[in-house]
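Visitor: The structure follows.
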Amino acid sequence: MKAEKTIICRITEPTKRKKALLIKELSNANGYIRGITNDLYSATKQAMDKYIQKDKIKEQHTYPLFLRNDTFRVEEAKNTKEFDYWAKIPISNVYGGIWVPIKPHEPIKEEHEIKDSKVVWKPYGFELHLSISFEVKPQSPKNILAIDLGERVMAATVSTADNGNPSLYGRDVRGIRRHYAYLRKKLQEKSKSKVKEVKDKESRIIEDRLHNISREIIEKADKQDALIVLGDLKGLGNKDTGKGARINRIANTMPFHKLTKMITYKAKERGIRVIKVSERLSSVTCHRCGSENTDRPTQARFDCNTCGLKNYNADLNGAKNILYRSLAYMAGDGAVVNQPKTKASITKQDYDTEKVLGNSSLNS
Ligand SMILES: [Zn+2]
């Protein structure tokens, strides 16, 4: 099975001449797609034509310099500690192109097949975004790991390989966001640039946390040979009920979409399958009886007025709902290895699936 990813490489300290050539080529590429200049390496013209729709060009936007995969090269740097690799970038009218030092955010391996890539201009310098294709062994899952996204803890997971205990990730994310929202508000009156500075700092911290959370979850799934089940956030935008509006507000303030994206692409890189199930009302539904007649005495606890489930761990309840819903999706052939073709409608009986898991210790 083929997987793809992008490895971002900083182009570190090119010489003045090389920097000028990169700027020239990037600016010519932008001129070329706007029909202003024709002065561009011919294979690069082809790549620009392939990846940029000329009728959809935004005037103010700087487009990257797209490179056809047979026109550039990456080589490991030897005998130097300054940088890790060299990249050869084709430049029009410069025979053999130019070699620039690059620092990738992860190692480039021999088995990586390099595809068409791009040079991107950032305020702090140039980046080479290497598109990589590589072989991964598809998973034959033995377990299911369900992820419930929430406000109090960002992600609660429970798996058929666990002992009925949830793993909680990102308990601090909401606090970080609150702290920065407060800081921004306080700074608002004083200085606009300070507000932006604080916002950028927050973005970096949150991004970092999300990378860690998603990596930990993926490592767990990998170790357990588990398929991942995620609540589907798609429907969140058009719910008009009070509950939907609440979730909508949370989705806007908590970076659920970003985390979902990270989990999905990191899973793909390892051949782990991700399926999405409806997350509708997962936090207010009783995982044991399916009733929605429930209470949350605190955000951490869960009571069911129908079956009498009392003082239950609310994060575990949500994750179990997601887990049981996934079983409904996979019912039919009874095997978790086959992706369901249609979305099963979720009925109350679907919650009665503890028996499907047999003596799994999820029963509590
Ligand atoms: Zn109940």
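The values are calculated or read from the model by the stated rules, or taken from the named source; none is laboratory data. From a predicted model like this one, the values you see are computed outputs, not experimental measurements. FYI the Cβ positions are ideal-geometry reconstructions off the backbone, even for glycines, and counts take in every protein chain you see. All accessible areas refer to the heavy atoms of the entire protein, side chains included, with ligands and DNA or RNA removed. Shrake-Rupley method; radii C 1.70, N 1.55, O 1.52, S 1.80 Å.
Visitor: Figure the gain on full extension for Glu113 and Lys142 (residue separation times 0.36 nm, minus the Cα-Cα span) and round it to one decimal in nm. Walk me through the numbers before you get to the answer.
Guide: On the way: separation 29, 0.36 × 29 = 10.44 nm, distance 3.00 nm.
Full-extension gain reported as 7.4 nm.
Visitor: Would you rank Lys115, Lys2, Lys220 by solvent-accessible area, highest first, keeping every protein chain in place and using a 1.4 Å probe?
Guide: Details: Lys115 70, Lys2 130, Lys220 30 Å².
Correct descending sequence by accessible area is Lys2, Lys115, Lys220.
Visitor: Stretch Lys78-Lys194 to full length: gain in nm at 0.36 nm per residue minus the Cα-Cα span?
Guide: Result: 37.5 nm gained on full extension.
Visitor: Find how much the distance from Asn69 to Asp295 grows on full extension, using 0.36 nm per residue of separation minus their present alpha carbon separation; answer in nm with one decimal.
Guide: On the way: separation 226, 0.36 × 226 = 81.36 nm, distance 5.73 nm.
Length gained between Asn69 and Asp295: 75.6 nm.
Visitor: Search the structure for amide H atoms under 5 Å from the amide H of Ile102, placed 1.01 Å from N in the peptide plane, and list their residues when 5 or more places away or on another chain.
Guide: For Ile102, whose amide H was placed from the backbone, the distant partners under 5 Å are Thr12, Asp84, Tyr85, Trp86, Ala87.
Visitor: If you don't mind, another one. Rank by packing, highest mean first: peptides 265-277, 303-315, with packing defined as the count of other Cβ atoms within 10 Å averaged across residues.
Guide: On the way: 265-277: 18.4, 303-315: 16.3.
Per-residue Cβ counts within 10 Å, averaged per peptide and sorted highest first, yield 265-277, 303-315.
Visitor: Per residue, what accessible area does segment 2-135 have, given a 1.4 Å probe and all protein chains present, in Å²? Show your work: numbers first, answer last.
Guide: Working: 8010 Å² over 134 residues.
Per-residue value: 60 Å².
Visitor: Which residues in segment 18-47 place their backbone N less than 19 Å from a point set 7 Å from the Cα of Glu59 along the Cα-to-Cβ direction?
Guide: 30-37
Visitor: Here's something else I'd like to know. Roughly how many Å² of Asp225 are accessible to a 1.4 Å probe, to the nearest 10?
Guide: 60 Å²
Visitor: Related question: Explain nothing, just the number: relative contact order of segment 2-135, from Cα pairs under 8 Å at least 6 residues apart, as a whole percent. Before the final figure, lay out the partial values.
Guide: Working: 238 pairs, mean separation 47.4, N = 134.
Taking the mean separation of contacting Cα pairs over the length of segment 2-135, I get 35 percent.
Visitor: Just need the Rg to Rh number for segment 2-135, please, alpha carbons only, Kirkwood Rh. Don't jump to the answer; show the numbers that get you there.
Guide: Details: Rg = 14.6 Å, Rh = 15.3 Å.
Rg divided by Rh gives 0.96.
Visitor: Enter the accessible area of Glu4 (Å², nearest 10), with the probe set to 1.4 Å and all protein chains included.
Guide: My reading of the accessible area for Glu4 is about 130 Å².
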